[in-house]
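Colleague: Once you've had a glance at the structure underneath, I'll fire off some questions.
The values are calculated or read from the model by the stated rules, or taken from the named source; none is laboratory data. Fair warning: this is a prediction, and the values are worked out from it, not measured in the lab. For neighbour counting, all protein chains shown are included, and Cβ atoms are generated from backbone atoms with ideal geometry for every residue, glycine included. In case anyone asks, the SASA skips ligands and DNA or RNA and just uses the protein heavy atoms, side chains included. Shrake-Rupley method; radii C 1.70, N 1.55, O 1.52, S 1.80 Å.
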Amino acid sequence: MTNTDANLSRQAMRLRESGDLPGAVAVLRGAAATDPQATFLLLRYLFEVQDYPLLQAETRAALNRLDTTLAARAGTQCLTTILHFAERCCLPAAEIAAGLAATETAAQADPALLFAWKAVRQRQAWREALPRRVTGGGAILSLGLNCLPWTLPARWGLRAMADFTPLFGPFSLAGHTIPGVITALEGGFEAFCAPQAVRLVKTQRGHELAMRTDRSAHWNHNRGAYWLGQDLAPLRAGLAVKAAAFATACRRPDAVFLLAGCQVAYPEEPLDFLPRLDAALARYTGRQGNRIVITNQTARRHPPGRHVVDASTSFHYCPYPAADYVWHDDDYADSEAGLAFEGAYVEALLEALAGWGLVRDTAMPEAG
């Protein structure tokens, strides 16, 4: 890194701290082509500011700039970020494979990089086998309750590159309760995040974030001076963009809604919220009987398995590997236990899609 590059990185960090995330991004874009530290910061800041078209483009450019020479000097932090974001941004399998090849030598010499590199390779091997196993697909739209329904389908190749931005909706990177999801759908997202309905709170770690006064939603990916300034105007503007994208995506005939983190122990306990949820979705889709996949990750007494609730609803037990498992931590996700959990989760999702005829196992003869 040259002195000029270091100065640009420091300038970008100061701009971010002051609340000017777009300005920080603009500074870094000019240096990213030659400076690994600028590349690392650029991707992190684009993710933070949620400029998804530019995040996808810059991640793809960074991935395709990788060669053995750059990989040797980029360092663990930059290379793991590029590989992880390549999956997050739904980049083509062939380009991720090329990135893995370019970074293999560096990974073999760096245990921390090798840990992430092997996990990406394993997920990509699963993804490469997918076209030989299934045909068709589905547009998987997140209903929360956390970020898992947005993150896992991308990481495992179940979301098309072209769907990265169009399917990024208001439940993708936020925390909600089931009543909160339904309230947002029924009343519109503008009212859901109205000034009188939201307040700032501090987490146990001292992070300030916006939360609904009834605690039915919090926006944990919209922290910092940029998002929380101007009386939360950037948060509300971003939510309006996501709500419009969600409304458009709901009209797709292959739309599937994924809700994770449900605490109901079905079938012992009824899914009382389901009729109201489907009716709320119908306001956007124009149809009832919407395809909904519901998953419970925390019920310890239930083994993994699927329950067909009705013709359009599939309920799955997909337990975390341990009570203290942190699914959104890359170190957990890249671990052997994390790979097993996520692999089982996406297989359960494929099972639901197959039940609706959205995917077909090409190795099996068609019925009849």
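Colleague: Between ARG10 and ASP214, how high is the FRET efficiency from 1/(1 + (r/R0)^6) when r is the Cβ-Cβ distance and R₀ = 30 Å? Nearest 0.05. Please report the intermediate quantities before stating the final value.
Modeller: On the way: r = 42 Å, r/R0 = 1.38.
Using R0 = 30 Å, I get an efficiency of 0.10.
Colleague: Can I ask one more? Which whole-number value in Å² is the accessible area per residue of segment 200-310, probe 1.4 Å?
Modeller: Here the residues of segment 200-310 average 51 Å² of exposed surface.
Colleague: Another question, then. In segment 268-360, which GluC sites (Glu not before Pro) are in a loop and have at most 13 other Cβ atoms within 10 Å, using DSSP for the loop call? Spell out each step's value before the answer.
Modeller: Working: sites: GLU268, GLU336, GLU342, GLU347, GLU351; in loops: GLU268.
The qualifying sites are GLU268.
Colleague: Provide the FRET efficiency to the nearest 0.05 for the LEU114-ALA244 pair, computing r from the beta carbons and using R0 = 41 Å. Mind showing how you got there, number by number?
Modeller: Numbers: r = 42 Å, r/R0 = 1.03.
That pair, LEU114 with ALA244, gives E of 0.45.
Colleague: Please state the charge dipole magnitude for segment 33-85, taken about the Cα centre, from unit charges on C-beta atoms (+1 on K and R, -1 on D and E), reported in debye and rounded to the nearest 20.
Modeller: Working: 4 positive and 5 negative charges, 27 e Å.
My answer is approximately 120 debye.
Colleague: Which whole-number percentage describes the relative contact order of the chain, with Cα contacts under 8 Å and a sequence gap of 6 or more? List each step's numbers first, then the result.
Modeller: Working: 572 pairs, mean separation 53.2, N = 368.
Relative contact order for the chain comes out at 14 percent.
Colleague: Taking the alpha-carbon centroid of each part, what is the distance from segment 2-50 to segment 170-227 in angstrom?
Modeller: 27 Å
Colleague: Computing the accessible area with a 1.4 Å probe over protein heavy atoms, can you report the carbon and sulfur percentage for the chain? Mind dumping the intermediate values first?
Modeller: On the way: 8670 of 16140 Å².
After summing per-atom areas, the C and S share lands at 54 percent.
Colleague: Tell me the per residue accessible area of segment 19-84 using a 1.4 Å probe; a whole number in Å² is fine.
Modeller: Working: 2380 Å² over 66 residues.
I get 36 Å² per residue for segment 19-84.
Colleague: Starting with the highest mean, order 18-31, 314-327 by the number of other Cβ atoms within 10 Å, averaged over the residues of each peptide.
Modeller: Values: 18-31: 19.2, 314-327: 17.2.
Packing proxy ranking, top to bottom: 18-31, 314-327.
Colleague: Taking 22 Å as R0, compute the FRET efficiency from the Cβ-Cβ separation of VAL308 and GLN263 and round it to 0.05. Don't jump to the answer; show the numbers that get you there.
Modeller: Values: r = 20 Å, r/R0 = 0.91.
Efficiency at R0 = 22 Å is approximately 0.65.
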